[in-house]
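Report on one structure; see the data block that follows.
The values are calculated or read from the model by the stated rules, or taken from the named source; none is laboratory data. Here the structure is a predicted model, which is why all the values come from computation and not from measurement. FYI the Cβ positions are ideal-geometry reconstructions off the backbone, even for glycines, and counts take in every protein chain you see.
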Amino acid sequence: MVTSFNTDLRRAFVHHWPNYVAEAMGVSLFMIGSCCTAVLLHHPDSPVRQFLGESKLWRRTIQAVIMGLVLLVINHNPAGKKSGSLINPAITLSYRYSGKISTVDTVWYILFQCTSAVICGFIVYQLLEKWYSHPDVNYNLSAPRPETGGWPVAFLAEFIISSLLIFVSLLSLHSKKFRKLSSSFGVGLIMLYIIFEAPFSGMSTNPARSLGTAAGALDFHHYWIYVVAPCSAMLLTTLVFQRVWKPNRPLSSASEKSWFRVDETPPNFPIVAPD
């Protein structure tokens with residue numbers, strides 16, 4: 001059994017390694033964007049922060065716009081289209097549960113996502129160490145905010161935003177009308193999370209991204225929150241979607257009225273022929 005699985009892993013790597021590299025590059029680009037904007041927009045000595053002023057909401061809005069553009073580049077480049085640009089172990093596990101990605105591809109996806117995040121986290125830390133330790137930057141860690149309720153609030157916030165993110169993704173991927181907008185919906189949610197949710201948990205939903213910054217700072221004190229909350233939320237939401245929300249079959253007649261129709265089969269990852 002182990003020998004067979006190892007053979008499958010090797011075969012998958014030979015055939016799909018460009019997709020795994022695309023996932024690694026996507027995570028790295030997201031990490032670089034997140035860490036650099038954290039310093040530029042929030043460190044008191046940054047001329048960008050001095051220009052924007054002291055409004056945290058305004059600075060988070062600018063950060064959201066920048067990260068939205070970064071995500072569009074990640075999602076819509078040719079390599080990202082083929083890999084699916086999952087760039088998130090929790091999302092990868094959810095698609096594994098729903099049968100949209102094989103077990104061996106899941107292993108490689110998560111390995112490349114997390115490894116690239118750690119490597120990038122160390123590199124960015126070395127480059128930005130001079131500014132990283134300031135409390136307004138806080139090593140760009142995903143961490144609870146004591147002033148907004150500490151770890152219980154952070155856990156609940158991560159659980160809610162992760163559930164909504166995967167639900168919208170599943171909903172749109174199962175609809176011909178909305179499938180092509182699935183990526184845009186996800187980017188829009190991430191932008192809203194950066195603006196409005198970040199004060200409660202630091203806004204992650206992504207165990208790989210949180211692992212990268214924690215590894216760079218060698219601070220794993222609250223990392224468990226950013227693994228358990230997103231993974232449990234997305235897997236539970238996928239379970240509910242598969243068992244409860246998603247009908248067993250598409251609506252039988254075009255005349256049947258429904259604001260949402262299950263009339264599309266989501267792609268398998270990696271995507272052989274992306275739209």
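Quick notes on this structure:
- Looking only at residues of the stretch 85-130 that are in contact with an Asp or Glu (Cβ under 7 Å, 6 or more places away or on another chain) and not in a helix (DSSP H, G or I), we find that the one that is nearest to PRO266 (Cα to Cα) is LEU86.
- Selection of the stretch 193-236 for residues being assigned to a loop (DSSP other than H, G, I, E, B) and within 13 Å of the chain's Cα centre (by Cα) yields MET203, SER204, THR205, ASN206.
- Every listed requirement among (1) at pLDDT 95 or above; (2) touching a Lys or Arg at 6+ places or on another chain (Cβ under 8 Å) is met by VAL168 save one, (2).
- So PRO230, is it in contact with an Asp or Glu (Cβ under 8 Å, 6 or more places away or on another chain) and buried (at least 22 other Cβ atoms within 10 Å of the Cβ): yes
- Enumeration of residues in the stretch 33-53 that are touching a residue at least 60 places away in the same chain (Cβ under 8 Å) and within 14 Å of the chain's Cα centre (by Cα): SER34
- Matching residues in the stretch 148-186 - criterion: being closer than 22 Å to ILE225 by Cβ, surrounded by 19 or more Cβ atoms within 10 Å (Cβ to Cβ) and over 14 Å from the mean Cα position of the chain (by Cα): ALA154, PHE155, ALA157
- Test for LEU189: is it within 12 Å of the chain's Cα centre (by Cα) and free of Cβ contacts under 8 Å to residues at least 40 places away in the same chain: yes
- Here ILE32 qualifies as touching a Cys at 6+ places or on another chain (Cβ under 7 Å) and farther than 27 Å from LEU171 by Cα.
- Residues satisfying the stated conditions in the stretch 29-84, i.e. part of a helix (DSSP H, G or I), farther than 30 Å from PRO267 by Cα and of a type in the set (S, T, N, Q): THR37, GLN50, THR61, GLN63
- Of the listed requirements (1) in contact with a strand residue (DSSP E or B) (Cβ under 9 Å, 6 or more places away or on another chain); (2) at pLDDT below 95, GLY149 misses just one: (1).
- Matching residues, the stretch 148-184, being touching a residue at least 24 places away in the same chain (Cβ under 8 Å), within 16 Å of VAL262 (Cβ to Cβ) and not in a helix (DSSP H, G or I): HIS174, SER175, LYS176, LYS177
- Put simply, of VAL27, VAL39, VAL70, VAL48 the only residue that is in contact with a helix residue (DSSP H, G or I) (Cβ under 9 Å, 6 or more places away or on another chain), surrounded by fewer than 15 Cβ atoms within 10 Å (Cβ to Cβ) and at pLDDT 95 or above is VAL48.
- Considering residues of the stretch 237-249 that are loosely packed, with under 13 Cβ neighbours inside 10 Å and part of a loop (DSSP other than H, G, I, E, B) only, the residue modelled with the highest pLDDT: PRO247
- Options TYR109, TYR97, TYR139; residue that is buried (at least 20 other Cβ atoms within 10 Å of the Cβ), under 30 Å from VAL272 (Cα atoms) and of a type in the set (Phe, Trp, Tyr): TYR109
- Only one entry in ALA64, ALA79, ALA90, ALA22 is closer than 23 Å to ILE110 by Cβ, touching a helix residue (DSSP H, G or I) at 6+ places or on another chain (Cβ under 9 Å) and surrounded by fewer than 23 Cβ atoms within 10 Å (Cβ to Cβ), namely ALA79.
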